1. Within the stretch 133-148, can you find the residues that are in contact (Cβ under 8 Å) with a residue 24 or more places away in the chain, surrounded by fewer than 23 Cβ atoms within 10 Å (Cβ to Cβ) and part of a helix (DSSP H, G or I)?
2. Answer yes or no as to whether LYS275 is of a type in the set (Lys, Arg) and at pLDDT below 95.
3. Would you mind stating whether ASN84 is out of contact with any helix residue (DSSP H, G or I) (no Cβ under 7 Å at 6 or more places or on another chain) and surrounded by fewer than 12 Cβ atoms within 10 Å (Cβ to Cβ)?
4. Going through GLN127, GLN192 one at a time, which residue ends up being buried (at least 21 other Cβ atoms within 10 Å of the Cβ), touching a Pro at 6+ places or on another chain (Cβ under 8 Å) and modelled with pLDDT of 95 or more?
5. Please find, among SER341, SER361, the residue that is out of contact with any strand residue (DSSP E or B) (no Cβ under 9 Å at 6 or more places or on another chain) and modelled with pLDDT of 95 or more.
6. Here is a check on your reading of the model: is PHE4 within 16 Å of SER126 (Cβ to Cβ), in contact with a Phe, Trp or Tyr (Cβ under 7 Å, 6 or more places away or on another chain) and either surrounded by fewer than 20 Cβ atoms within 10 Å (Cβ to Cβ) or touching a residue at least 60 places away in the same chain (Cβ under 8 Å) (or both)?
7. Would you point out which residue out of LYS41, LYS60 is under 20 Å from the mean Cα position of the chain (by Cα) and either outside the structural domain of LYS105 (by TED's automatic domain parsing) or closer than 19 Å to THR120 by Cα (or both)?
8. Can you pull out every residue in the stretch 268-288 that is crowded, with 21+ Cβ neighbours inside 10 Å and over 18 Å from the mean Cα position of the chain (by Cα)?
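The values are calculated or read from the model by the stated rules, or taken from the named source; none is laboratory data. If you're wondering where the values come from, they're calculated on a predicted model, not measured in any experiment. Neighbour counts are summed over all protein chains in view; Cβ atoms, including those assigned to glycine, are modelled from backbone coordinates with ideal geometry.
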Amino acid sequence: MKVFKFGGASVKNAHAVKNVATIIKGYGYGPLVVVISAMAKTTNALERLTALFMEENTDKMMELYHQIRDFHVGLAAELFPRKNHPVFSTLEQSFYHLLYYINEKPGNNYNYEYDRIVSTGELVSSQILSYYLNETGVVNQLFPAQKLIITDAHFRDAHIDWIQTPQTIKSKLLPYLKPASGSNKPSIIVTQGFIGGTSQGFTTTLGREGSDYTAAIIAYSLQASEVTIWKDVPGLLNADPKLFAETLLMPNISYQEAIELAYYGATVIHPKTLKPLLSKNIPLKVKSFYEPDAPGSIINDHSENDHLVPSFIFKFNQVLASIFPKDFSFIAEHNLSRIFSDFAQHGVKINLMQNSAISFSVCFDNDRIKTPALLRDLKKNFTVKYNDNLELITIRHYEKAQTGPVIKNKEVLLEQKSRTTLQMVVRNC
């Protein structure tokens, strides 16, 4: 049994959906679980919709709602020429639920409102793909991820119930992945990435780019033979091809190296994805949906190639905050405990930290909701100075890399080295 995950770029238009169907057909009769993301740019659009909803900016909110709806209905019309095809009533029902949500008065919990609005992207994407596969002879069963991935109510970054989730996935999916003897029907399941649900029925999300994580959770639960993530790149590259004219393919790296790269912000693999795969020794392949027959890259337990190629990782829109005790005393354990408590309370992850005698510096992603609230709470007990609109550059195996071109025309505000990793917080000069 295998798990395929297709990201937003792989289903960005009708032609791309057809290509995904071709890849799935090429796999044969399964058993196969297909995890699908929202269509390209849809999550960003739904995040803007959530912001307008919270601001009660009704006119702009409704304009954007219709844009999102019309895009998906228009894409479906290219795939399904018959106007009375059931896909259209299914989509209308999904968008009616979204319209119902945003016509309510917003509550005080932004994260809760975010999850029930933004999750629409994966729901309609999976509906379109499932119907199209059936239309082209690839019989499949569509399952709602909210009924498979059981989480707590930590909205926007929900935690998996690792006891209930595997039991639920096995009980609901295995009957469809083991067809009756002699049956020639494909045993294929389609579900959504990124989203889950509480035992009380609330929709949750697993964090941005969480569809990779969904694929790993399902693979772990079903003890899959491998997971394949289909991307618009030929495999694991040592740098973002949008930022570097020349990149190198890494054919094989270890779970540990991939975890390091993901932790530092490499966008090919979600940071939480590797742990469940490592625990069951399930290989992870990264392949191009443009060239499905190319070998791509594989992540497994082989580490001999990890150090051969330096990797460059960039995180933008960073905040560098320096935190000082108001009485100019030393930074001590009780100060750090209070600081970490504030970060944990606001759900802000620290990308880099460094302390001196009287200050503690931290670099983290700038979030329009979380960052202002965090800074307000920190200032209750500390003096806080910060810079925003910064970049965090991470170079793995930097001893083999030329760092000069990377920081050209940039001012280095903070630098930190370990045996294998160099990190620099920089701003443009």
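1. LEU133, GLU135, GLN146, LYS147
2. Details: of a type in the set (Lys, Arg): yes; at pLDDT below 95: yes.
Yes, satisfied.
3. On the way: out of contact with any helix residue (DSSP H, G or I) (no Cβ under 7 Å at 6 or more places or on another chain): yes; surrounded by fewer than 12 Cβ atoms within 10 Å (Cβ to Cβ): yes.
Against the criterion (out of contact with any helix residue (DSSP H, G or I) (no Cβ under 7 Å at 6 or more places or on another chain) and surrounded by fewer than 12 Cβ atoms within 10 Å (Cβ to Cβ)), ASN84 qualifies.
4. Details: GLN127 fails: touching a Pro at 6+ places or on another chain (Cβ under 8 Å).
Selected residue: GLN192, the only one of GLN127, GLN192 that is buried (at least 21 other Cβ atoms within 10 Å of the Cβ), touching a Pro at 6+ places or on another chain (Cβ under 8 Å) and modelled with pLDDT of 95 or more.
5. Working: SER361 fails: out of contact with any strand residue (DSSP E or B) (no Cβ under 9 Å at 6 or more places or on another chain).
Residue meeting the stated conditions: SER341.
6. Values: within 16 Å of SER126 (Cβ to Cβ): yes; in contact with a Phe, Trp or Tyr (Cβ under 7 Å, 6 or more places away or on another chain): yes; either surrounded by fewer than 20 Cβ atoms within 10 Å (Cβ to Cβ) or touching a residue at least 60 places away in the same chain (Cβ under 8 Å) (or both): yes.
Spelling it out, PHE4 is indeed within 16 Å of SER126 (Cβ to Cβ), in contact with a Phe, Trp or Tyr (Cβ under 7 Å, 6 or more places away or on another chain) and either surrounded by fewer than 20 Cβ atoms within 10 Å (Cβ to Cβ) or touching a residue at least 60 places away in the same chain (Cβ under 8 Å) (or both).
7. On the way: LYS60 fails: under 20 Å from the mean Cα position of the chain (by Cα).
Just a single option satisfies the conditions, and that option is LYS41.
8. Within the stretch 268-288, ILE282 is the sole residue that qualifies.
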